[in-house]
Amino acid sequence: MGTFDKKLAKMNENWKETKKKGYSGGVEDGTYKFQCQDANLQESSAGKLMVHVEHLVIEGEHTGEVQHEYFQIEHEVGLQFFMQWIEKMGREVPDDSDEVEEVVSEIADANPIYMARIKTNKGGYKNVSITKLLEGEADQEFESDDDSEEGEEDFVPYTKEEIEELDSDELAELIESEELEVKVPKKKKTKKFFKELFAALEEAGYWEEDSEEEEEEESEEEEEEEGDDSEEEEEEEEESEEEEEEEEEEEEEEEKPSKKKSAKKSKKTKVDLDELKALAEAMEIEVDDEDDIESMKEKLDEYSWSKKDFEKEEVKLLESIGIELQ
């Protein structure tokens, strides 16, 4: 018997589960056309219920590659992401949890097709963000387009509603890709900002495939909304100007050397912020480079947390910034 045989035998269960899940680095970051190859309810090695989804790439140079995704549905945050996935697959979230397995099975049998983005966060976890469900394609055969350039993917523009749901990083990426001269506000995104962004996108031909009839309808709707929302927009503009002034003052204060703060305290704050971001990413919460401790607290406060979900050091970290744990 070899020196490590006993230890290797003990890890056999985890070995089999990891092999079953897949051990590759997953699909490279980018936007792809996927088909739901499989979805099923299963237990983790710790006995916790989770839903396993296999996203199969069906176009481009990565055709045939599979991105695995796991929803930890016994955890509140994982459950919320799972419910969002059900809706994005064109289904209604059931009223009772005993219907979960049936809904997952129905989605797996339907093999829906959709556009989704793969983005790796700082913790190395690959997030799958479904951007558009493509209807009426589940039964067609999929082959890579030999006439298209290698690695080229179908362009599917965002709708205005989808753009309003994008976070700051995704908005910045969209603006950069379209070479627009629009600045993403650091805090609140007002109607004035989105109006300016939509106008710039239309001028750049972002929705050039839209029909004239749709454009006329959107124009009429905008004219109706302008009359109703004029007062609200004025208030938002004033708030936006005040926020911009506050941001400028904050930036000026940050640039001034502070004699009151010691180097040791400053270093500790940075460490706490890095730990907070790493913990948030592990819980599948979106984190931006601009986030500070205050904004991280706001994001974490959106959920209800229990002490049993965290290690002792994590509990101390969360309580140190005022997060209430049950």
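The values are calculated or read from the model by the stated rules, or taken from the named source; none is laboratory data. These numbers were taken from a predicted model, which means no experiment stands behind them. Cβ sites come from the backbone with ideal geometry, for glycine too, and all protein chains shown count toward neighbours. Quick note on the areas: whole protein, heavy atoms, side chains included, nothing else; ligands and nucleic acids left out. Shrake-Rupley method; radii C 1.70, N 1.55, O 1.52, S 1.80 Å.
Structural remarks
Rundown of residues vs (1) modelled with pLDDT of 70 or more; (2) open to solvent by 50 Å² or more (accessible area, probe 1.4 Å); (3) within 27 Å of the chain's Cα centre (by Cα); (4) closer than 28 Å to GLU135 by Cα, yes/no style:
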position: GLU153; (1), (2), (3), (4): no, yes, yes, yes
position: LYS160; (1), (2), (3), (4): yes, no, yes, yes
position: PHE198; (1), (2), (3), (4): yes, no, yes, yes
position: GLU215; (1), (2), (3), (4): no, yes, no, yes
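- Residues of segment 281-298 satisfying the condition of being assigned to a helix (DSSP H, G or I) and at pLDDT below 80: GLU281, ALA282
- Neighbours by Cβ (under 8 Å, 6+ apart or cross-chain): first from segment 166-182, closer than 16 Å to LYS119 by Cα; second modelled with pLDDT of 75 or more and of a type in the set (Val, Ile, Thr): SER168/VAL184; LEU171/ILE163; LEU171/VAL184; ALA172/VAL184; LEU174/ILE163
- Long-range neighbours under 7 Å by Cβ, at least six apart or interchain, first residue in a helix (DSSP H, G or I) within segment 93-106, second open to solvent by less than 50 Å² (accessible area, probe 1.4 Å): VAL100/PRO94; VAL103/ILE86; VAL103/PRO94; VAL104/ALA39; VAL104/ASN40; VAL104/VAL51
- Within segment 49-67, residues that are open to solvent by less than 10 Å² (accessible area, probe 1.4 Å) sit with their Cβ atoms under 6 Å from residues that are acidic (Asp, Glu), at 6+ positions apart or across chains, in these pairs: VAL53/GLU69; VAL57/GLU65.
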